[in-house]
Amino acid sequence: MSDTETTQSYTIKPIYKKSALEKQEWVNTLSTGKHVTVEVCNLYRWGTFTIELTETEKEELLRKDEVELDEYDHELVEMWDGGCDFYITTVNEGIYTEDEKEEIENLLYKWQGEVPEYEDEDDEGYSYEKMEENGWNEIDCHYILGKCELEPIEDEE
């Protein structure tokens, strides 16, 4: 962006439902000393953000079929009706042995230490509380939208 281009604030949201994706990256260290990264992806029915764009960026964004919001100055307003599609992927899964893959699964889905009293010890589903308790650290969170529409935000002066 050149110093002479001004920016405008917009509300941005996907045109089509089920096209607002939250992708979290979590890291942990296995007992073998190997580092592991997993991506936790949650597809939402709808999502709204604010975004700052120059006229050039606006034109480019509106031509895209997929918008990675990390490429822009943006802020989450709201996302709702998550879980339309939810999946966890181990990055570079092929580099891990079968034992390491089993350890990754256990770190993802089973309580490794004392189970908080408000949690079910037998619950083997995903939860960020379990991830944190089992030593995972969230390192990044990305938002990706399908084809979008923009609505200018008028300055409140």
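Bear in mind that the values in this text are calculations on the coordinates, not laboratory data. Owing to the predicted nature of the structure, the values given are computational and were not obtained by experimental measurement. As a convention, Cβ positions derive from the backbone with ideal geometry for all residues, glycine included, and neighbour counts pool all protein chains shown.
General remarks:
- Every residue from segment 122-148 that is among the basic types (Lys, Arg) and farther than 18 Å from Thr29 by Cα: Lys147
- Test: residue in segment 39-58 that is among the polar types (S, T, N, Q), closer than 30 Å to Glu105 by Cα and in contact with a helix residue (DSSP H, G or I) (Cβ under 7 Å, 6 or more places away or on another chain): no
- Of all residue pairs spaced 6 or more apart or on separate chains, those with beta-carbon atoms under 9 Å, a first member in segment 32-46 that is at negative phi and surrounded by 15 or more Cβ atoms within 10 Å (Cβ to Cβ) and a second member that is β-branched (Val, Ile, Thr) and not in a strand (DSSP E or B) are Val36/Val91; Val36/Ile104; Thr37/Val91; Val38/Val91; Val38/Ile104; Glu39/Val91.
- Among the residues of segment 125-146, those that are surrounded by fewer than 15 Cβ atoms within 10 Å (Cβ to Cβ) and charged (D, E, K, R) comprise Glu129, Glu132, Glu138, Asp140.
- When segment 83-124 is filtered for residues that are surrounded by 12 or more Cβ atoms within 10 Å (Cβ to Cβ), part of a helix (DSSP H, G or I) and not hydroxyl-bearing (Ser, Thr, Tyr), the ones remaining, listed by number, are Glu93, Glu100, Lys101, Glu103, Ile104, Glu105, Asn106, Leu107, Leu108.
- In summary, strands (runs of 3 or more DSSP E) completely within segment 1-75 and bearing 1 or more residues that are of a type in the set (S, T, N, Q) occur at 8-14, 20-29, 35-53.
- The test for being under 30 Å from Thr32 (Cβ atoms) and touching a helix residue (DSSP H, G or I) at 6+ places or on another chain (Cβ under 6 Å) does not hold for Glu133.
- Among (1) over 20 Å from the mean Cα position of the chain (by Cα); (2) surrounded by fewer than 17 Cβ atoms within 10 Å (Cβ to Cβ); (3) more than 30 Å from Gln112 (Cα to Cα), the one test that Glu75 misses: (1)
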